[in-house]
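The values are calculated or read from the model by the stated rules, or taken from the named source; none is laboratory data. Values in this document were obtained by computation on a predicted structure and should not be read as measured data. Here the Cβ positions follow ideal geometry from the backbone for every residue, glycine too, while neighbour counts run over all protein chains shown. Keep in mind that these areas ignore ligands, DNA and RNA; they rest on the heavy atoms of the full protein, side chains included. Shrake-Rupley method; radii C 1.70, N 1.55, O 1.52, S 1.80 Å.
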Amino acid sequence: MSPESTTNLPRSVEDSVEASATGARLNPSPATFKGSPGRRYYRGFNLERVRTIEDLRAMAHRRLPPFAIEYLEGGSEEEATLARNRAALASYRLLARALVDVRHRDQSVKLFGRQTPLPFAIAPTGLNGLFRHKADFLLAEAAAEAGIPFIQSTMSNDRMEEIARIPGLRHWWQLYVFGGPDVRNALIARAEKIGCEALVVTVDTQFYGNREWETRRLTPSNKPTLASILETIFHPGWIATTLQQGLPSFANVIDFVPEEHRSFFASAFWIRGHMDYALDWKEMSKIRSLWPRKLLIKGLLNVGDIQRAAEIGADGVILSNHGGRQLDWTISGLDALPEARRRVGDRLTLIVDGGMRRGTDILKGVALGADAVLLGRATLYGLAAAGREGVDRAIQILREEIDRDMGLLGVNSLAALGPEFLTR
Ligand SMILES: Cc1cc2nc3c(=O)[nH]c(=O)nc-3n(C[C@H](O)[C@H](O)[C@H](O)COP(=O)(O)O)c2cc1C
């Protein structure tokens, strides 16, 4: 442990990371003066009184049954990768410029040639139907209104053709490669037909991460334990807004699953068991030649791999450890970002994710060379807490934080932001 980490401020950072990883609801800030006065996140349900993403998270936790919280929050094994995402962000401090005229602040960025009003997009997350009925509609509509891309997961519970009809949506399709070339070809053809702007191929999930806490809630035959089922009784709000049509199904891929495995749990495990272990660069080049629009590879952390993505003609890379849910003890996307940017220059659009909960987090990502960041849990907290309005609120909170933070940092545009605004 460095001397710095046992004294002064960084102790609080470790506490925050710890509290963040364990879902503590007491604000762990050092400014709580050892708990007196006690400071808690907002405990009501009035969105106007919600101030932070962490408030939305506390609201989401109150509404969801424990097994859904576990699915939303959990990481793999010791959750060291999960904790690294917040710790990597916490390892940077901001260096503001003073005496800058900051009357005008522009937080738009250019993504694939198109001006995007905010420097973030919504990450692909599967099984959102566990948080709300029609969840991906709610996320996608909020994204369309904000003018940001929405990446729909292969494991979405809403049909891609219906999401594509949302007016003004920048619709990106995330592909899991499973079940053989016919499945992959069919999904790519559908994404092209409905006009998706980009294909995002996730490559860190050929093996499913060891999310032990999730599996503790399942019986040996992969059914929810009695305790998990009984716990839902205490969450009538969740039942009413989530299960009105029963358990969600994997609407875009269920037809590829043999009929006898199409129940909710059986289909999830069947797909998981049929991921393409042989997926390699040759296969990725094939996907490149099949897909005529923007291609991003999601889940790269090794800078050599990121360079290789450029060589096979990818348009972008998402530096990500899958929200800490796959390989444990790995680095955060943020850790690899500066070197990746140095190596690939402007050849690739670089997007980073992992632990983004504050305007300052997003600004750190941009300062280290990201064109934009992805929000995974931040918008899911809003969704789980209050549906569409909760997602809108999450986006609004981050927009306002970024705007204020740009003023405090002394920058007028995100193009002006660089590593010189950060110190470790
Ligand atoms: C509940 C949940 C489900 C996810 N499902 C997918 C998925 O289907 N496809 C994918 O590429 N990434 C998936 N991810 C990873 C996210 O795309 C993203 O990389 C991660 O959530 C970013 O970290 P954050 O949640 O701390 O923002 C999932 C993440 C979560 C939390």
Can you give the net charge of the other residues whose Cβ lies under 10 Å from the Cβ of Val201, counting K and R as +1 and D and E as -1? +2
Summing -39500 (n - 2.57) over the DSSP H runs of n ≥ 4 in the chain and dividing by its residue number, what mean residue ellipticity at 222 nm do you reach, to the nearest 500 deg cm²/dmol? -12000 deg cm²/dmol
Return a single number: how many Lys pairs in the chain, at a sequence separation of 8 or more or on separate chains, have alpha-carbon atoms below 30 angstrom apart. 21
Between the range 88-104 and the range 229-259, what is the separation of their alpha carbon centroids in Å? 44
With both partners inside the range 194-350, how many of the DSSP beta bridges are antiparallel, as a percent to the nearest 5? 10
Diffusion constant of the range 209-367 at 10 °C, which comes from Stokes-Einstein with the Kirkwood Cα-pair radius and 1.306 mPa s, µm²/s: 84
P(r) tail fraction, the chain - alpha-carbon pairs more than 40 Å apart, %: 13
Run the numbers for Leu408 and Met275: contour at 0.36 nm per residue of separation, minus the present Cα-Cα distance, in nm. 43.2 nm
Calculate, in whole percent, how much of the Cα-Cα pair population of the range 40-172 lies beyond 21 Å. 60
Of all C-alpha pairs within the range 164-262, those more than 21 angstrom apart amount in percent to 57
With all protein chains present, how much of the accessible area of the range 62-424 (probe radius 1.4 Å) comes from carbon and sulfur, to the nearest whole percent? 53
Taking H placed 1.01 Å from N in the peptide plane, check which residues at least 5 places from Val109 or on another chain put their amide H under 5 Å from its amide H. Thr116, Leu118
Give me the percent of DSSP beta bridges within the chain that run antiparallel, rounded to the nearest 5. 20
Could you work out the local net charge near Arg190, counting Lys and Arg as +1, Asp and Glu as -1, over the other residues with Cβ closer than 13 Å to its Cβ? -2
For Lys193 paired with Ala227, estimate the spin-label separation in nm (one decimal), with each label point 7 Å from Cα along the Cα-to-Cβ line. 4.6
Report the local net charge at Val102: Lys and Arg +1, Asp and Glu -1, summed over other residues whose C-beta lies under 12 Å from its C-beta. 0
Using 0.36 nm per residue, how much length does the chain from Lys282 to Asp106 gain when fully extended, once their Cα-Cα distance is taken away? 59.3 nm
Arrange the peptides 218-231, 240-253, 62-75, 374-387 so that the one whose residues have, on average, the most other Cβ atoms within 10 Å appears first. 374-387, 62-75, 240-253, 218-231
Using bins 10 angstrom wide from zero, how does P(r) for the range 128-181 break down, in % of all Cα pairs? 26, 53, 18, 3
Please calculate how many Å² of accessible area the chain carries per residue, with a 1.4 Å probe and no DNA, RNA or ligand atoms counted. 44
Take peptides 350-362, 305-317 and line them up by average Cβ neighbours within 10 Å, highest first, as a rough protection proxy. 350-362, 305-317
State, to one decimal in nm, how far the label point of Asn185 lies from the label point of Ala416, with both points 7 Å from Cα in the Cβ direction. 5.3
Residues whose built amide H sits under 5 Å from the amide H of Thr154, excluding neighbours closer than 5 in sequence, are Gln174, Tyr176
How long is the gain from Ser289 to Gln307 if the chain were fully straight, where each residue apart is worth 0.36 nm and the alpha carbon distance is subtracted? 4.6 nm
With a cut-off of 20 Å, note down the residues of the range 105-129 whose backbone N falls inside the zone around a label point 7 Å from the Cα of Glu162 toward its beta carbon. 124-129
